[in-house]
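J.: Below you'll find the structure I mean.
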Amino acid sequence: GKTYRVAAIAGDGIGKEVLPEGMRAVETAAAKFGLEIEFTSFDWASCDYYLQHGQMMPDDWFETLKGFDAIYFGAVGWPATVPDHISLWGSLIKFRREFDQYVNLRPVRLLPGVPCPLANRKPGDIDFFVVRENTEGEYSSVGGRMFAGTEREFVLQEAVFTRHGVDRILKFAFELAEGRPRRKLTAATKSNGISISMPYWDERVEEMAKSHPGVSWDRQHIDILSARFVMQPDRFDVVVASNLFGDILSDLGPACTGTIGMAPSANLNPERRFPSLFEPVHGSAPDIFGKGIANPVAMIWSGAMMLDFLGNGDAAFKAAHDAIIAAIETVLTQGPRTPDIGGTAGTAEVGKAIAAAI
Ligand code: NAD
Ligand code: IPM
Ligand code: MN
């Protein structure tokens, strides 16, 4: 079969600790199901690289990466030495925008064996997707600062909602909902307070709903929607949101399932014109870096999502994906577990246990 080429980029902090465990799981599953996955590692897109070169990535990063089938990515950011907006806009956000990874797909699922911070919830009760718009919205570079350092100083940053950008994320979300048993979609909005962009967003949701009559949908303002993530997480199936709202919801959702250390994500270019990128939702966690206690499950689960996407329906890839998820569930149930979910084990111990379970 085809050899799939994957760029492995660890980045900073615990990205360097969890990526090897993700690669271990992917390689184990690939060997078991006869898939050819070839990793190529890069040390750029990191703050270490920035400190040496004055930029996050070499000038030819786009040419270098564009021929890969996927990017498997740890985390970026080391705010003690490089301001976050420099490191992130110089790497991850560039990938998302230049490779047109306009879907950020972030599952929220309560897994067995994990203590749930919400009372009386069991696996199966919390099982939904946050579909986050990933290339525009509130994350825009339109704006500026004037009269810097004076009393007249002012700062303006625009949000950008294009019809093309809004419609394509909504279409993806409605189609995802159509393929799920409950066929429900919730659109995050804030059209009561954000009076231009959000009414437009609502209008496009309504229009998209017309061509997906099998989906029962509602819209909720982001404030109460956040509250319901905590109070009634069982009512959600597919939640579609703008870039910023989706960012916030995709830390809140996983927090409701016990830890952000297990939340995976897929930054997709669904048309496959460019490589898609698979990474944990979490960041570089400077507070625990070096202790070897980061939970590797988010990274490993992201690897499963990568195989699923690469396979594009192929049965062996699906089996490899399922085997990784099953192994995660086995290890969460039996241990070892990392401290964020009540265990005492380290990153590599958990990673090896998951690989063994695969
Ligand atoms: P963070 O996600 O790195 O950490 C938040 C908290 O969650 C910390 O207490 C951390 O210890 C804990 N945590 C995160 N991942 C964990 C894991 N796998 N296991 C156990 N505990 C885990 O968020 P932050 O502190 O806001 O950001 C730190 C840096 O990471 C910043 O530079 C930020 O910009 C960057 N960041 C990068 C990404 C990314 O690369 N996708 C995402 C979020 C934040
Ligand atoms: C995420 C992160 C990034 C985002 C940051 C690090 C720029 O929080 O992937 O969720 O806001 O998209
Ligand atoms: Mn985030």
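The values are calculated or read from the model by the stated rules, or taken from the named source; none is laboratory data. Just so it is clear, the model here is predicted, and its values are computed rather than measured. Here the Cβ positions follow ideal geometry from the backbone for every residue, glycine too, while neighbour counts run over all protein chains shown.
J.: Please enumerate the residues belonging to region 154-189 that are of a type in the set (Asp, Glu) and within 20 Å of PRO233 (Cα to Cα).
T.: Within region 154-189, the first condition is being of a type in the set (Asp, Glu), and the residues that meet it are 158, 167, 175, 178.
Matches in region 154-189: GLU178 only.
J.: Being within 14 Å of ligand 1 (Cβ to nearest atom) and in a loop (DSSP other than H, G, I, E, B) is the filter here; which residues of region 291-314 pass it?
T.: Matches in region 291-314: LYS291, GLY292, ILE293, ALA294, ASN295, PRO296.
J.: Can we say SER265 is under 24 Å from ALA159 (Cα atoms) and within 16 Å of ligand 3 (Cβ to nearest atom)? Steps first, please.
T.: Working: under 24 Å from ALA159 (Cα atoms): yes; within 16 Å of ligand 3 (Cβ to nearest atom): yes.
When the stated conditions are applied, SER265 passes them.
J.: Name the helices (runs of 4 or more DSSP H) wholly within region 4-79 that hold at least 1 residues that are under 26 Å from GLY290 (Cα atoms)?
T.: Details: elements: 15-33, 47-53, 61-66.
Those helices (runs of 4 or more DSSP H) span 15-33, 47-53.
J.: So, in region 273-290, how many residues would count as being in a loop (DSSP other than H, G, I, E, B) and either within 14 Å of ligand 2 (Cβ to nearest atom) or touching a residue at least 24 places away in the same chain (Cβ under 8 Å) (or both)?
T.: Within region 273-290, the subset in a loop (DSSP other than H, G, I, E, B) is 273-275, 281-290.
Filter once more, so that each one left must be either within 14 Å of ligand 2 (Cβ to nearest atom) or touching a residue at least 24 places away in the same chain (Cβ under 8 Å) (or both): 273-275, 281-286, 288-289.
The qualifying residues number 11.
J.: Here is a further query. Within region 103-128, which residues are touching a residue at least 24 places away in the same chain (Cβ under 8 Å) and either part of a loop (DSSP other than H, G, I, E, B) or touching a His at 6+ places or on another chain (Cβ under 6 Å) (or both)?
T.: LEU110, LEU111, PRO112, GLY113, VAL114, PRO115, CYS116, PRO117, LEU118, ARG121, ASP125, ILE126
J.: A further question on this structure: Output the residues belonging to region 134-148 that are within 14 Å of ligand 2 (Cβ to nearest atom) and either in a loop (DSSP other than H, G, I, E, B) or surrounded by fewer than 14 Cβ atoms within 10 Å (Cβ to Cβ) (or both). Spell out how you get there, then give the answer.
T.: Looking only at region 134-148, we keep the residues that are within 14 Å of ligand 2 (Cβ to nearest atom), and these are 134-141.
Of everything in region 134-148, those that are within 14 Å of ligand 2 (Cβ to nearest atom) and either in a loop (DSSP other than H, G, I, E, B) or surrounded by fewer than 14 Cβ atoms within 10 Å (Cβ to Cβ) (or both) turn out to be ASN134, THR135, GLU136, GLU138, TYR139, SER140, SER141.
J.: Identify the residue in region 220-234 that is in contact (Cβ under 8 Å) with a residue 24 or more places away in the chain and under 22 Å from GLU206 (Cβ atoms) and, among all such residues, is surrounded by the fewest Cβ atoms within 10 Å (Cβ to Cβ).
T.: First pass over region 220-234, keeping only residues in contact (Cβ under 8 Å) with a residue 24 or more places away in the chain: 220-223, 225-226, 229-230, 233-234.
Going one step further and asking which of them are under 22 Å from GLU206 (Cβ atoms), we end up with 220-223, 225.
Working: GLN220: 18, HIS221: 17, ILE222: 20, ASP223: 12, LEU225: 23.
So the residue we want is ASP223.
J.: Shifting gears a bit: Please tell me if LYS171 is within 21 Å of the chain's Cα centre (by Cα) and over 19 Å from ASP251 (Cα atoms). Walk me through it before giving the result.
T.: Values: within 21 Å of the chain's Cα centre (by Cα): yes; over 19 Å from ASP251 (Cα atoms): yes.
Taking the combined requirement at face value, the residue satisfies it.
J.: Could I ask something else about it? Within region 329-340, is even one residue without any contact (Cβ under 8 Å) to a residue 24 or more places away in the chain, touching an Asp or Glu at 6+ places or on another chain (Cβ under 7 Å) and at negative phi?
T.: Looking for residues that are without any contact (Cβ under 8 Å) to a residue 24 or more places away in the chain, touching an Asp or Glu at 6+ places or on another chain (Cβ under 7 Å) and at negative phi, one finds at least one in region 329-340, hence yes.
J.: Give the residue, chosen from GLU207, GLU151, GLU203, that is in a loop (DSSP other than H, G, I, E, B), charged (D, E, K, R) and more than 16 Å from PHE236 (Cβ to Cβ). Give the steps one after another, and end with the answer.
T.: Details: GLU207 fails: in a loop (DSSP other than H, G, I, E, B); GLU203 fails: in a loop (DSSP other than H, G, I, E, B).
From the options GLU207, GLU151, GLU203, the qualifying one is GLU151.
J.: Give the residue, chosen from VAL131, VAL76, that is among the β-branched types (Val, Ile, Thr) and either in the same structural domain as ALA177 (by TED's automatic domain parsing) or free of Cβ contacts under 8 Å to residues at least 40 places away in the same chain (or both).
T.: Working: VAL76 fails: either in the same structural domain as ALA177 (by TED's automatic domain parsing) or free of Cβ contacts under 8 Å to residues at least 40 places away in the same chain (or both).
When all the criteria are applied, what remains is VAL131.
J.: If you go through region 237-245 one residue at a time, do you hit one that is part of a strand (DSSP E or B), of a type outside the set (Val, Ile, Thr) and on the phi < 0 side of the Ramachandran plot?
T.: Initially, region 237-245 is screened for residues part of a strand (DSSP E or B), giving 238-241.
If we keep only those that are of a type outside the set (Val, Ile, Thr) too, we end up with 241.
The next check asks that each one be on the phi < 0 side of the Ramachandran plot; those that pass are 241.
Taking every residue of region 237-245 in turn, at least one turns out to be part of a strand (DSSP E or B), of a type outside the set (Val, Ile, Thr) and on the phi < 0 side of the Ramachandran plot.
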